[in-house]
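Asks: Structure incoming, see below.
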Amino acid sequence: MSRADDIDVRTIAEDEIREWRRALDAGFLRPSPASDHDVADLATHLIPSRTLGAFDKGAPGGSTPVVATFRSFPQELTAVGGTPVPADAITNVTVTATHRRRGLLSRMMALDLAAAKERGDVVATLIAAEYPIYGRFGFGPATHTAQWVVDVPRSGLDRRRPVPDDGGRVDLVDGAEVRRLGPALHERVRAAQAGATNRPERWWRVTTGDLRLDAFPYAERFHAVYRGPSGQVEGLVGYVCEDRWGDDKRPGGELTVKSLIAETPAAERALWHYLCSIDWITTVRSGHRAPDDLLPHLLPDPRAARLVLHADYLWVRILDVVRALEARTYESAGTLVLEVVDPAGLAGGRYRLEAGPDGARCAPTDREPQLTLPVGELAPLWTGDESAVRLAALGRLEERQKGAASVADALLRTSRRPWCPDGF
């Protein structure tokens with residue numbers, strides 16, 4: 001077993017990408033070596049200066065294998081009210097099973113977060129594969145996701161009338177048309193959706209099959225757009241279908257939504273009605289949706305939509321409390337003094353927030369705090385996804401002034417829950 005000082009944690013060089021990818025695949029339990037095509041593709045979007053590896057200098061035979069991986073990339077995260085804030089998006093985090101419990105993740109995380117703070121990123125983000133890992137680094141679950149399975153025959157929808165009666169229309173389109181129409185629509189959608197992130201051009205290429213990877217075989221998708229009465233595209237859905245028939249020659253097809261974004265409730269309603277009206281489809285799987293999604297109640301019988309998943313999704317780590325709290329909007333007016341506890345020294349301190357519908361001001365202060373909380377608990381409050389009263393009941397924040405948690409809820413909670421439609 002190599003000693004801790006035999007393991008060098010550093011950024012990788014371009015000629016080390018293949019070895020880094022080998023370690024990544026091992027960590028994600030993908031035993032087959034990556035193809036030349038996939039390694040070449042990785043080199044086109046990986047940023048070496050933001051890609052870390054742990055190199056075991058004590059390995060036998062004179063080799064220096066990569067035994068842990070970590071990378072980040074620039075991202076924009078929509079704050080409550082629509083302002084995008086610069087984020088340090090973390091992904092591809094692995095530690096090889098033979099080298100666990102040696103502090104490798106802690107070393108990589110410390111390097112990356114320090115660099116993000118130095119760059120001026122307001123937050124760091126990640127999708128946590130396992131719940132217990134990232135809280136100790138100051139992350140908190142800031143959005144949740146839900147999935148439903150719709151029993152179409154039970155839904156009560158009139159499947160004979162899939163065309164909207166509002167003057168809009170639904171049309172099938174191909175991948176090229178999605179790449180042409182989708183980005184502008186998504187920019188409008190994410191501006192109104194707290195918790196959403198930007199989609200780079202590569203996202204559109206991969207999800208429409210224009211860029212294919214050997215390690216992730218592409219399943220051909222159908223794509224449909226909803227155009228409102230004015231002719232503007234207001235909704236977009238991509239989905240796959242599985243053709244099934246019973247022994248009695250009755251159809252039992254299953255449709256799975258891969259992505260559905262809608263700028264208006266009319267677009268959302270029209271697309272779900274369309275999906276539930278496709279011939280031979282008796283089951284619709286919603287894919288990842290917001291936890292307060294409209295879907296069940298767009299059906300005459302909401303019980304036809306069975307909830308099969310409700311879980312944490314996007315985790316956020318606040319790096320700049322002042323800029324984070326000033327970036328979002330507030331539906332009511334109030335003042336709050338927070339004491340943020342951050343052992344890493346990146347965002348700790350006391351802050352006075354004075355906010356209202358006309359804007360917010362936040363600054364360090366020496367006033368007595370009304371609430372004391374770990375930096376990881378600030379994230380779900382910042383996105384509006386959590387209640388300070390609930391966190392106090394759980395013992396995850398301290399109410400230093402009676403009633404302060406209720407004041408915080410009146411200030412920070414939002415009408416709709418945040419949602420991150422995309423993984424990374």
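The values are calculated or read from the model by the stated rules, or taken from the named source; none is laboratory data. Here the structure is a predicted model, which is why all the values come from computation and not from measurement. Every residue, glycine among them, receives a Cβ derived from its backbone with ideal geometry; neighbour counts consider all protein chains shown. Areas reflect the complete protein model, heavy atoms only, side chains present, ligands, DNA and RNA absent. Shrake-Rupley method; radii C 1.70, N 1.55, O 1.52, S 1.80 Å.
Asks: To the nearest 10 square angstrom, what accessible area does GLU220 show with a 1.4 Å probe?
Replies: Counting only protein heavy atoms, the figure is 120 Å².
Asks: Could you please state, rounded to a whole Å, how far the C-alpha centre of the stretch 341-360 is from the C-alpha centre of the stretch 241-300?
Replies: Using only Cα atoms to place each centre, the spacing works out to 42 Å.
Asks: Which cross-chain or sequence-distant (5 or more) residues have an amide H under 5 Å from the amide H of ALA89, H modelled 1.01 Å from N in plane?
Replies: Correct list: PHE73, GLN75, THR125.
Asks: Still on this structure, please answer the following. Take the Cα atoms of the stretch 271-320, find their three principal axes, and give me the spread along each one in whole Å, biggest first.
Replies: Per principal axis, max minus min of the Cα coordinates gives 51, 19, 17 Å.
Asks: Follow-up. Can you tell me which of ALA129, ALA360, ALA304 moves the most in a GNM of the chain? Springs connect C-alpha atoms under 10 Å apart.
Replies: Judging by the Gaussian network model, the answer is ALA129.
Asks: Normalising by the residue count of the chain, find the relative contact order in percent from Cα pairs under 8 Å and 6+ residues apart.
Replies: Averaging sequence separation for qualifying contacts and normalising by length gives 18 percent for the chain.
Asks: Need one word for the stretch 217-363: rounded, prolate or oblate. Basis is the Cα gyration tensor (sqrt eigenvalues a ≥ b ≥ c); a/c below 1.5 gives rounded, then a/b vs b/c decides.
Replies: In terms of gyration-tensor shape, prolate.
Asks: Tell me, what is the 1.4 Å probe accessible area of CYS276, in Å² to the nearest 10?
Replies: Roughly 0 Å² of CYS276 is accessible to a 1.4 Å probe.
Asks: With every protein chain left in place and a probe of 1.4 Å, what is the accessible surface of HIS37, to the nearest 10 Å²?
Replies: 90
Asks: Next question, about the same structure. Return the Rg/Rh ratio of the stretch 331-397 with Cα-based radii and a Kirkwood Rh.
Replies: 0.95
Asks: Continuing with the same structure: Which listed residue (SER406, ILE278, ALA192) has the Cα farthest towards the positive end of the charge dipole for the chain, taking +1 on Lys and Arg C-beta and -1 on Asp and Glu C-beta about the Cα centre?
Replies: Going by the charge dipole, the pick is SER406.
Asks: Given the options VAL308, GLY334, GLY359, identify the residue whose Cα lies farthest towards the positive end of the charge dipole of the stretch 278-424 (+1 on Cβ of Lys, Arg; -1 on Cβ of Asp, Glu).
Replies: VAL308
Asks: Okay, next question. Skipping prolines and chain starts, which residues have an amide H placed within reach, meaning under 5 Å, of the one on ARG102, given they are 5 or more residues away or on another chain?
Replies: Answer set, sorted by chain and number: none.
Asks: List every residue whose amide H lies under 5 Å from the amide H of LEU309, counting only residues 5 or more places away in sequence or on a different chain, with H placed 1.01 Å from N in the peptide plane.
Replies: Under 5 Å from the amide H of LEU309: GLN147.
Asks: For every other residue with a beta carbon closer than 14 angstrom to the beta carbon of SER230, add +1 if it is Lys or Arg and -1 if Asp or Glu, then tell me the sum.
Replies: For residues surrounding SER230, the net value is 0.
Asks: State the antiparallel share, in %, of DSSP beta bridges confined to the stretch 228-332, rounding to the nearest 5.
Replies: Antiparallel: roughly 70 percent of the beta bridges in the stretch 228-332.
Asks: Looking at the P(r) of the stretch 138-296, how many percent of alpha-carbon pairs lie beyond 23 Å?
Replies: So the portion of pairs separated by more than 23 Å is 41 percent.
Asks: Students often get this wrong, so try it: which of [x] 132; [y] 199; [z] 171 is volume of the Cα convex hull per residue in Å³ as calculated from the structure shown?
Replies: Matching entry in [x] 132; [y] 199; [z] 171: [z].
Asks: Does the stretch 136-190 come out rounded, prolate or oblate, given a ≥ b ≥ c as the square roots of the eigenvalues of its C-alpha gyration tensor, rounded meaning a/c under 1.5 and, failing that, prolate meaning a/b above b/c?
Replies: In terms of gyration-tensor shape, oblate.
Asks: Using a ≥ b ≥ c from the Cα gyration tensor of the stretch 181-240 (square roots of the eigenvalues), is it rounded, prolate or oblate, where a/c under 1.5 gives rounded and otherwise the larger of a/b and b/c decides, a/b for prolate?
Replies: The shape class here is oblate.
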